[in-house]
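See below for the structure under consideration.
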Amino acid sequence: MTIGEAPICVYCKYFTRDKNATAITCRAFPLKVPREIVMGEIKHIEAYPGQSGDYVFEVDEKWRALYQQYLENSKLG
C-alpha cells in the first residue's frame, strides 16, 4: 500500500494538529475541511462557502522549508 503526499493543509498556520482527530480540521473548518481543499482541487486562498471566519491558507513559518520542498516536488510530479 502506498501513502500519498500530505494535504497542503498540514503546512497552514490554521491547521489543527490533533492525532486523535477523525477528520482534517482547521480554524476555517472546525468540523472537517472539504474534500476539494484537502485533495488540492481548490486552493484555499480566498474564503470558501460555509467556512468559519475569513481564514485562508497561510504557511506556518515553522513548516516553510518543508512547504517549499512540497511545492518543488509537486511541480515534478
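Read the figures in this text as sums done on the coordinates, not as results from a lab. Note that this is a predicted model, so its numbers are computed, not measured. Virtual Cβ from ideal backbone geometry, glycine too; neighbours counted across all protein chains shown.
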- Describe numerically, in nm with one decimal, the distance between label points set 7 Å from Cα along Cα→Cβ at Lys43 and at Lys19. 3.4 nm
- Message: Using the Cα centre of the chain as origin and beta-carbon charges of +1 (Lys, Arg) and -1 (Asp, Glu), tell me which of Val56, Val38, Ala21 is placed farthest towards the positive end of the dipole.
- Response: Ala21
- Query: How far is helix 64-76 tilted, in degrees, relative to the longest principal axis of the Cα atoms in the chain, given as a value from 0 to 90 rounded to the nearest 10?
  - Reply: 70 degrees
- Exposure proxy ranking, count of Cβ atoms within 10 Å, fewest first, for Asp60, Asp18: Asp18, Asp60
- So what is the orientation-averaged projected area of the chain, using the convex hull of its C-alpha atoms, in nm²? 5.8 nm²
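Nothing charged except the Cβ atoms of Lys and Arg (+1) and of Asp and Glu (-1): what's the magnitude of the dipole of the chain about its Cα centre? Round to the nearest 20 debye. If you can, show how the numbers build up before the last one.
On the way: 10 positive and 10 negative charges, 43 e Å.
Here the chain has a charge dipole of around 200 debye.
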- Out of Ile37, Ile24, Ile45, a Gaussian network model of the chain with alpha-carbon springs under 10 Å gives the largest mean-square fluctuation to Ile45
